[in-house]
Amino acid sequence: MKFLRSDICGQSLLSWSRIRSLSASRSRGNRLILGIETSCDETGAAVVDENGRLLGESLNSQKRIHVRNGGVIPSLAQHLHQQSIRDVVQSALAKAKTSYQDLSAVATTTRPGLALCLQVGLDYTKQLVAETGLPFIPVHHMEAHALTARMVDNSVSFPFLVLLVSGGHCILALARNVGDFVILGETLDGAPGEAFDKIARRLKLQEHPQCKGMSGGQAIETLAKEGNIHLLDGKHLFRMQRKDCNFSFIGFKQAVFRLIQEEEKLQGTSNILENVCDICASVQHHITRHLVTRILRGIEYCKMTDMLPQEKQILVVSGGVASNGYIKHALGRLCDHTSYKLVCPPPKLCTDNGIMVAWAGMEHLKLGPGFADNPQEVRFEPREPLGVNIANAVAEARVDIKRFKFWTDG
């Protein structure tokens, strides 16, 4: 992948002093940031202004390719990013009717994510800023998901509680400010999206006529609408001993795999099971109950420790799994129960995209500005945490919670 000077629409290169002058002028006007995202299986780019207005976006999704392969293959994802990143960036700029001279900075996801994928975005950005002299703002992928809510809803001010839930992550955190997060709990061994995908694969949902071309989570949500949520009741699928806010899915997945194997023996088939809708409904329900239980304990802990003012009780939910309608409904019931306000970015912004990266860059620019001192020395970090982890303190507080019914039967 080579960044060409012709990619800059034939414009002359800008010196660093010129860029600083442009950035200063933008501080008096409407600053613009280009965001670039390549952390997993989406190549995204977007231009946003400081008021949260989207000027132009482009997104190339690899999901259908990876669904056919049964999961993301990092080397293939890297190759697909390399093929599309230049066109995606140029398309976003063209839609925004924006040139590099109009930008205040470039923001790119550098952590966490798949190493081979992060490398593509970072390498492209380094070449871009070397050619243009634009400042570079490295962005934390999970922070970008969390801050998107502030772009779409101006009532979301710091501090707020946030659940980041996707195929690779499950984090419950308190967002105290830009770049300042406290982790109340996180996944110990997997993520809800991963559980959905692996269970869907084991159920052979890609062969189900209603689920063609869907991701595992989408397939399970689709079939769950016709199923019974009580199939797995009484099986104690989540054996979490500590009173904390951490999440665990490995034991649950193993129990569901055993159930599927038993059902295949009973039904005498290795094809799609007759009660597949009931299995999907129960899987979705029990994952949701696990999420709700841990979030409720986090809410009670924040109340006990006065970490959230009474007038700022907001729960932000973002990430790919936040698009699940059943989970979103349950979290709405949870917020009604606890007098919280639920804020979920629209589904388009819950999955990976360049918009959230651009906005996270803008948040840092407003605060800091967060520029990398030496862009060419920036490194990607596949596993960098979002913030300080206080899960042990939450466990030591031994917060008791009263369960409530977030679902309706029928």
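In the stretch 352-378, what count of residues is obtained for those that are assigned to a helix (DSSP H, G or I) and over 22 Å from the mean Cα position of the chain (by Cα)? Steps first, please.
Within the stretch 352-378, the subset assigned to a helix (DSSP H, G or I) is 354-367, 375-377.
Narrowing the set further to residues that are over 22 Å from the mean Cα position of the chain (by Cα) leaves 366-367, 375-377.
Residues meeting the conditions: 5.
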**OP:** Could you check how many residues of the stretch 55-87 are buried (at least 20 other Cβ atoms within 10 Å of the Cβ), in contact (Cβ under 8 Å) with a residue 60 or more places away in the chain and closer than 24 Å to M214 by Cβ?
**Re:** 4
Subject >> Subset of the stretch 379-403 (residues that are in a loop (DSSP other than H, G, I, E, B) and surrounded by 12 or more Cβ atoms within 10 Å (Cβ to Cβ)) >> reply: F380, E381, P382, E384, P385, L386, G387, I390, V399, I401
Original post:
Which ones in the stretch 27-54 are over 28 Å from R383 (Cβ atoms), in contact with a helix residue (DSSP H, G or I) (Cβ under 6 Å, 6 or more places away or on another chain) and crowded, with 20+ Cβ neighbours inside 10 Å?
Top reply: L32, V47
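Can we say T269 is in contact (Cβ under 8 Å) with a residue 40 or more places away in the chain and out of contact with any Lys or Arg (no Cβ under 8 Å at 6 or more places or on another chain)? Show your work before the answer.
On the way: in contact (Cβ under 8 Å) with a residue 40 or more places away in the chain: no; out of contact with any Lys or Arg (no Cβ under 8 Å at 6 or more places or on another chain): yes.
No, not satisfied.
Looking only at residues that are in contact with a Lys or Arg (Cβ under 7 Å, 6 or more places away or on another chain) and surrounded by 24 or more Cβ atoms within 10 Å (Cβ to Cβ) in the stretch 141-180, which one is nearest to K328 (Cα to Cα)? Show your work before the answer.
Narrowing the stretch 141-180 to residues in contact with a Lys or Arg (Cβ under 7 Å, 6 or more places away or on another chain): 141, 156-160, 172.
Filter again for surrounded by 24 or more Cβ atoms within 10 Å (Cβ to Cβ), leaving 141, 172.
On the way: H141: 22, L172: 15 Å.
Here the residue is L172.
Can you confirm whether K348 is without any contact (Cβ under 8 Å) to a residue 40 or more places away in the chain, under 27 Å from N389 (Cα atoms) and in a helix (DSSP H, G or I)? Show your work before the answer.
On the way: without any contact (Cβ under 8 Å) to a residue 40 or more places away in the chain: yes; under 27 Å from N389 (Cα atoms): no; in a helix (DSSP H, G or I): yes.
Judged against the criteria, K348 is not a match.
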Original post:
Looking at (1) part of a loop (DSSP other than H, G, I, E, B); (2) buried (at least 22 other Cβ atoms within 10 Å of the Cβ); (3) among the β-branched types (V, I, T), which is the one condition that is false for I137?
Top reply: (1)
**OP:** Go through the stretch 119-135 and give me each residue that's out of contact with any Ser or Thr (no Cβ under 6 Å at 6 or more places or on another chain) and of a type in the set (A, V, I, L, M, F, W, C).
**Re:** L128, V129, A130, L134
Subject >> Scan of the stretch 37-68 for residues that are closer than 24 Å to D123 by Cα and acidic (D, E), ordered by number >> reply: E37, D41, E42, E57
Original post:
M307 is checked against (1) part of a helix (DSSP H, G or I); (2) more than 26 Å from V88 (Cβ to Cβ) and fails just one. What number does that condition carry?
Top reply: (1)
Subject >> Test result for M151, within 14 Å of the chain's Cα centre (by Cα) and among the hydrophobic types (A, V, I, L, M, F, W, C) >> reply: no
Original post:
Got a number for residues in the stretch 158-186 being outside any strand (DSSP E or B) and either modelled with pLDDT under 95 or within 22 Å of A397 (Cα to Cα) (or both)?
Top reply: 5
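The values are calculated or read from the model by the stated rules, or taken from the named source; none is laboratory data. All figures in this text were calculated on a predicted structure; none of them were measured in a lab. Because the Cβ atoms are built from the backbone with ideal geometry, glycine has one as well, and the counts that use them run over all protein chains shown.
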